[in-house]
Amino acid sequence: HSGSEKPILISEGAMGYYPVPSQTPAPAFYDCQARFAANLLTWAEGKKSNGKLLGFIWYTIATNGWRETDLLYKNGTPKPVYYIWRDYNP
């Protein structure tokens, strides 16, 4: 964030979907989302270890996430990205 002593990263904007609001994303989108999260967590861990990042969160766990950024499908089962977060062990 420009002008702040503490940088801010917003990542969920890169992981949103819905070119057509009524369209459901293809399974490949959720796989890509999980790979993105894994890479982002690796990046964040490096920043955290040198004191340049204090915390990191994903948008939401429950349904109704912004543009499919939640960790669960509407039926409550986990999306691939859920397992990245569950298994993350810094």
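The values are calculated or read from the model by the stated rules, or taken from the named source; none is laboratory data. The model shown is predicted, which means the values in this text are computed figures rather than measured ones. Side chains included, ligands, DNA and RNA excluded: accessible areas come from the protein's heavy atoms. Shrake-Rupley method; radii C 1.70, N 1.55, O 1.52, S 1.80 Å.
Summarising the amide proton neighbourhood of Asp70: residues at separation of 5 or more, or on other chains, whose placed amide H is nearer than 5 Å comprise Gly65. May I ask you to evaluate 6.51 cos²θ - 1.76 cosθ + 1.60, the Karplus curve with θ = phi - 60°, for each residue of segment 70-80 and list the ³J(HN,Hα) values in order in whole Hz, giving x for glycine and proline? After applying 6.51 cos²θ - 1.76 cosθ + 1.60, I find 6, 8, 10, 5, 4, 7, x, 7, x, 7, x Hz. Not counting ligands, DNA or RNA, and with a 1.4 Å probe, what is Arg86's accessible surface area in Å² rounded to the nearest 10? Here the accessible area works out near 130 Å².
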